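Below you'll find the structure, written out as structure tokens, and then a few comments.
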Amino acid sequence: MNLSRRHLLGMGAGIGAAALGLSACGNDDDNAGAGSNTGGKEYTGPKVSLNLWNGFTGGDGDIFKKLVDQFNTEHANIAITVATYRWEDYYAKLPGAVSSGNGPDIAVMHMDQLATFAARKVIAPVDDVAKALELTEADFAPTVWKGGLYQDKRYGIPLDMHPVGFYYNKALLQQAGLDPNKPPTNRSELEQALSALKGKGIQGFWMSPFQFTGGMTGYSLVYQFGGSLYNDDATRATFNSPEAVEAVSWCAKLVADGHSPANVGQDADYLALKSNKNAFNVNGIWQVNDLKKSPEIQWGVAQMPQLGSKKSVWANSHNFTIVQQPRGADGNKVDGAKVFINWLSQHSLDWAAGGQVPARKQVLEDPKFKDLTEVNTLAAELPDAAFPPAAPGIGDVTNLFYTAFNEAVLGKKPVKQALDEGAAKADKLLEDNRKKYGT
């Protein structure tokens, strides 16, 4: 996938709350997701046309459209029309489109946006979909399944999980006298490798000050070091805890110790990996397919090294949602939507080829998935995913962590000061969100 992928994942953060600063978009019927047919296992009603919105503008978009075409071919009485927008435009556009009656029937949404759009009644509960399809937590990784809940109701049926992974340049490791097939797995091994690389004049771990992907590295390490970004009920930011300060300090120290240039530009860390200047890069699973397009690069990808007391990684997840309709739900359309959601979920092995970890366990256990070597490697991180809490507007709050991380890595402020000031702003925004969303 191209580098603009950073705009396609998590760009709801910082957009969702702003876009939703308006009256509730849908009706007040909590049963807006209820249909009148067979609950998603099959659809035998009159032909329905459904609009589906998504933000898959990269290579995954081609795969997604092919799957939709296949579904349409197999279902003569359901016609899915796909509309694709950049994620940042998508989340801004959706509320107004729904309130005016011009929204989609089905919407793909990141996990960290579900609570925001549920609170504004843009999307409908889908508990009945899960029940009719006999889907339970046992069918998914617990973290992914629970991420679709808001106020004890289900708003998302998970399709995938996309974590960060640990990419490494084999040529540079070999140049430093290291085993190119054994990337570091813990803090000691990583720091020893960085010393060996530095001895050969190689800056081995370029630390980006931006969310994509230095901030995601810092996010992962906060949890690895025993901290978290928020307290249990997401009423207070905790990303200035001693554990968080230690995690971000480790990232900032890469610059101070000469393992990273100062002021690394957006995507420069990844480009340096590809051009044999940077040995290690924490980046998203979506870069697997991009690297495969460059056979001249000697690279590998592994699970994120465990630098702290436990394993943890930044991750997000795409979920299917059913959109509220201001003039009430059409039962036949809702039933058709359920059939599509179930069908695509069952075909998520094909979706995995786009660089995503399937959410359903039966697909993860499919021998054909094992053949997707790199994606399968990062699938092992699924139990360690550190998803943000299901709180409306949480994306905007998490952005304040990324801003503080940026200030710390660029040396604009001491690490603790940057995180203290960011957490104070986050606490204020969390309070404002509780008032805004009535939670």
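When its C-alpha radius of gyration is set against 2.2 N^0.38 Å (N residues), the chain gives a value of 0.98. Think of the chain as a dipole: +1 on every Lys or Arg Cβ, -1 on every Asp or Glu Cβ, centred on the Cα centre; then among Thr44, His347, Ile202, Ile202 lies furthest on the positive end. Taking other residues whose beta carbon is less than 11 angstrom from the beta carbon of Lys361, and scoring Lys, Arg as +1 and Asp, Glu as -1, yields -3.
For segment 330-396, the set of trypsin sites (Lys or Arg not before Pro) satisfying both a DSSP loop assignment and a count of at most 16 other C-beta atoms within 10 Å is empty.
Eigenvalues of the alpha-carbon gyration tensor of segment 299-357, scaled by 5 and square-rooted, set the equivalent ellipsoid semi-axes at 37, 16, 8 angstrom, largest first.
The region of the chain that goes longest without hitting one of the GluC sites (Glu not before Pro) in a DSSP loop, each with at most 16 other Cβ atoms within 10 Å, is 135-295.
Size of the dipole of the chain about the Cα centre, Lys and Arg at +1 and Asp and Glu at -1 on the beta carbon, nothing else charged, in debye to 20? Intermediate values should be presented prior to the final figure.
On the way: 42 positive and 47 negative charges, 152 e Å.
Roughly 740 debye, rounded to the nearest 20.
If only the Cβ of Lys and Arg carry +1 and only the Cβ of Asp and Glu carry -1, the dipole of segment 187-297 around its Cα centre is close to 400 debye.
Based only on other Cβ atoms within 10 Å, what is the fewest-to-most ordering of Thr116, Thr373, Thr185? Spell out each step's value before the answer.
Details: Thr116 29, Thr373 10, Thr185 15.
Going from least to most buried by this count: Thr373, Thr185, Thr116.
Shape of segment 335-424 from its Cα gyration tensor (a ≥ b ≥ c, root eigenvalues): rounded if a/c is under 1.5, otherwise prolate when a/b > b/c, or oblate? It comes out prolate by the Cα gyration axes. First measure r as the distance between the Cβ atoms of Ala353 and Asn72, then evaluate 1/(1 + (r/R0)^6) with R0 = 25 Å and state the FRET efficiency to the nearest 0.05. The pair Ala353/Asn72 has a calculated efficiency of 0.80. In segment 309-414, taking the dipole from charged Cβ atoms about the Cα centre, the farthest positive-side position among His318, Asn399, Asn332 is held by Asn399.
In debye to the nearest 20, how big a dipole does segment 57-168 give about its Cα centre with +1 on each Lys and Arg Cβ and -1 on each Asp and Glu Cβ? Walk me through the intermediate numbers first.
Values: 10 positive and 15 negative charges, 75 e Å.
About 360 debye.
Centre-to-centre separation between the Cα atoms of segment 229-254 and those of segment 86-119: 30 Å.
Throughout, read-outs are computed from the coordinates displayed, never taken from laboratory work. Just so you know, these numbers come straight off a predicted model, no measurement behind them. With ideal geometry, Cβ positions are generated from the backbone for all residues, glycine too; neighbour counts draw on all protein chains shown.
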